[in-house]
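The values are calculated or read from the model by the stated rules, or taken from the named source; none is laboratory data. In this text, all values refer to a predicted model and were calculated from it rather than measured experimentally. Don't worry about glycine lacking a Cβ; one is built from the backbone with ideal geometry, like all the others, and counts go over all protein chains shown.
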Amino acid sequence: MLAISKLNQFYGESHTLWDLDIEVPAGQCTCVMGRNGVGKTTLMQCIMGLLPLRGGGIDFLGQDIARLPAERRAPLGIGYVPQGRQIFPLLTVQENLEIGLPARPDGRRPGGERQVPDLVFELFPVLGDMLRRRGGDLSGGQQQQLAIGRALAIDPKLLILDEPTEGIQPNIVHEIGDIIRRLIDELGLTVLLVEQKLPFARRVADRFAILDRGRLMAAGSMPELSDGLVKQYLTV
């Protein structure tokens, strides 16, 4: 579904991503892993068009989107949950959920009004109970659910989750893991996950890609993630 080829990115004169080649198969969860500062979030921002590339390609469903403006990527079917959630704290839950609806190819009532899919409230019932509350008044776990719900509201084919368990209480972490697997196993969604919690990654992901200093060091199916790779590239 998503193929990254020979991707290079710079901050000024600093070379941050080096000739990355990563495949994200359809209907699976691929987890990008690595210590802090190795380029994981930079890669996600490049995929979303938020950072410029120096070279390389990003192919999504047969289309090279590497030079496509950021605002044209969500309508292709890419949902993005950035690190730190980045909800709009002064907007209500409902307004946060509705903000991406113009990117949907459908999602309209018979009268023409777009609507948040019922799936969002089925997965996150708490959001339905808090539609009139401001996003900034929610707990960290609820904000994360809101951020994921906002991304799902555009009916994506690919869902990108950047550190979805960061700063979240354990029961919500477990719930988010269950929801990710449900989206993949029951609905056929493709997920690209950035995650540092190894038990969570092993439980949720089908495949892994390890970055170190902006380079791809190893990739494969999750059962191939050996203790040696964990010790060399993931253990602090």
I need the full set of residues from the stretch 206-236 which are farther than 29 Å from residue 10 by Cα and either under 16 Å from the mean Cα position of the chain (by Cα) or modelled with pLDDT under 95 (or both), in order please.
206
Taking the stretch 131-144 on its own, how many of its residues are farther than 9 Å from residue 85 by Cα, surrounded by 13 or more Cβ atoms within 10 Å (Cβ to Cβ) and among the polar types (S, T, N, Q)?
1
State whether one or more residues within the stretch 177-192 are in a loop (DSSP other than H, G, I, E, B) and surrounded by 22 or more Cβ atoms within 10 Å (Cβ to Cβ).
no
Could you check how many residues of the stretch 152-175 are in a helix (DSSP H, G or I) and either aromatic (Phe, Trp, Tyr) or surrounded by fewer than 21 Cβ atoms within 10 Å (Cβ to Cβ) (or both)?
6
Is it the case, given these coordinates, that residue 93 is over 17 Å from the mean Cα position of the chain (by Cα), modelled with pLDDT of 95 or more and within 26 Å of residue 184 (Cβ to Cβ)?
yes
Which residues, taken from the stretch 72-82, are surrounded by 15 or more Cβ atoms within 10 Å (Cβ to Cβ) and out of contact with any Phe, Trp or Tyr (no Cβ under 9 Å at 6 or more places or on another chain)?
79, 80, 81, 82
Specify which of the listed residues (84, 39, 57) is under 21 Å from residue 16 (Cβ atoms), in contact with an Asp or Glu (Cβ under 6 Å, 6 or more places away or on another chain) and in contact (Cβ under 8 Å) with a residue 24 or more places away in the chain.
57
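Let's see how each residue does on (1) of a type outside the set (Lys, Arg); (2) touching a Phe, Trp or Tyr at 6+ places or on another chain (Cβ under 6 Å); (3) over 25 Å from residue 216 (Cβ atoms):
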residue: 59; (1), (2), (3): yes, no, no
residue: 66; (1), (2), (3): yes, no, no
residue: 70; (1), (2), (3): yes, no, no
residue: 96; (1), (2), (3): yes, yes, yes
residue: 101; (1), (2), (3): yes, no, yes
residue: 119; (1), (2), (3): yes, no, yes
residue: 125; (1), (2), (3): yes, no, yes
residue: 132; (1), (2), (3): no, no, yes
residue: 136; (1), (2), (3): yes, no, yes
So is residue 201 among the hydrophobic types (A, V, I, L, M, F, W, C), surrounded by 15 or more Cβ atoms within 10 Å (Cβ to Cβ), assigned to a helix (DSSP H, G or I) and touching a residue at least 12 places away in the same chain (Cβ under 8 Å) or not?
yes
Is it fair to say residue 54 is in contact with a Leu (Cβ under 9 Å, 6 or more places away or on another chain), at pLDDT below 95 and more than 19 Å from residue 216 (Cα to Cα)?
no
Quickly run through the stretch 150-199 and pick out the residues that are in contact with an Asp or Glu (Cβ under 9 Å, 6 or more places away or on another chain) and hydroxyl-bearing (Ser, Thr, Tyr).
165
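So that you can scan it fast, the table gives a plain yes or no per residue for (1) of a type outside the set (A, V, I, L, M); (2) touching a helix residue (DSSP H, G or I) at 6+ places or on another chain (Cβ under 6 Å); (3) surrounded by fewer than 15 Cβ atoms within 10 Å (Cβ to Cβ):
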| position | (1), (2), (3) |
| --- | --- |
| 28 | yes, no, no |
| 38 | no, no, no |
| 50 | no, yes, yes |
| 84 | yes, no, yes |
| 89 | yes, yes, yes |
| 101 | no, no, no |
| 124 | yes, yes, no |
